[in-house]
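Report on one structure; see the data block that follows.
Please treat every number below as a calculation from the coordinates, not as lab data. The shown structure was predicted, so the numbers you read here are calculated from the model rather than taken from an experiment.
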Amino acid sequence: MTDMIDLSVATRRMDRVLDGIGDEHLLAATPCTEATVGMLVDHVLGLTLAFTAAASKDFEGLTDAPPTLPTGELPGGWNDVATARLSALADAWRDPDAWTGTTRAGGIDLPGEIAGLVALDELVVHGWDLAVATGQPYACEPDEIAACLAFAGTVSDEQRTEGALFGPAVSVPGDAPALHRLLGLTGRDPSWAPPG
């Protein structure tokens with residue numbers, strides 16, 4: 001089994017990034033070519049629920065449906081909603097049982113330990129997406145990036161297609177910083193910057 005990973009570092013960092021997003025950012029472009037900032041925030045709100053349910057192995061609805069393109073229509077007080085959901089996500093993955101057995105996320109059955117790594121990867125990579133799109137600084141812990149790199153390196157070329165788990169890999173120098181190598185593996189250009 002993969003060693004348990006405390007997701008609270010990643011959830012708190014995501015919460016800080018979301019705190020730096022205002023209404024003026026919601027229609028801005030992101031490194032995810034199909035998604036605005038608002039759409040990615042919507043996606044984060046959804047994934048927190050889905051992966052909390054996956055940790056609890058609660059298979060009633062939230063874990064069954066494949067992910068859909070988010071609309072960007074955010075609930076009132078979405079930042080407070082995000083804070084509560086991110087805290088619940090971290091709490092759920094503190095349970096050792098979350099990392100064992102089989103669970104489900106996005107309609108796919110997978111080992112609990114892999115679901116935990118997917119949740120971490122979503123937080124780390126989408127945190128970067130939102131930070132760079134809104135001009136915020138971003139840094140991750142080395143152990144988080146190492147765990148995400150190990151997971152991302154197992155994803156097949158078939159899974160690296162648009163609309164799948166990751167977009168096609170972007171070539172990044174082998175001596176690039178670890179975060180940049182992770183971004184390339186997940187289909188992102190580490191040099192991306194907002195238009196203009």
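Report Rg/Rh for segment 15-79, rounded to two decimals, where Rg is the Cα radius of gyration and Rh the Kirkwood radius.
Radius of gyration relative to Kirkwood radius: 1.01.
Select from L47, L120, L74 the residue whose mean-square fluctuation is largest in a Gaussian network model of the chain (Cα-Cα springs shorter than 10 Å).
L74
So what's Rg/Rh here for the chain, counting alpha carbon atoms and using the Kirkwood radius for Rh?
Working: Rg = 15.6 Å, Rh = 16.8 Å.
Looking at the chain, the ratio lands at 0.93.
Could you give the C-alpha radius of gyration of segment 76-188 expressed as a fraction of 2.2 N^0.38 Å, taking N as the number of residues it contains?
1.13
Mind telling me which of T102, T33, T71 comes out most flexible in a GNM of the chain, alpha-carbon contacts under 10 Å?
Comparing T102, T33, T71 in the GNM, the peak value goes to T33.
Which value in Å does the Kirkwood hydrodynamic radius of segment 42-115 take, with 1/r averaged over all unlike C-alpha pairs and then inverted?
Values: mean 1/r = 0.0797 Å⁻¹.
Final number for the Kirkwood radius of segment 42-115 is 12.6 Å.
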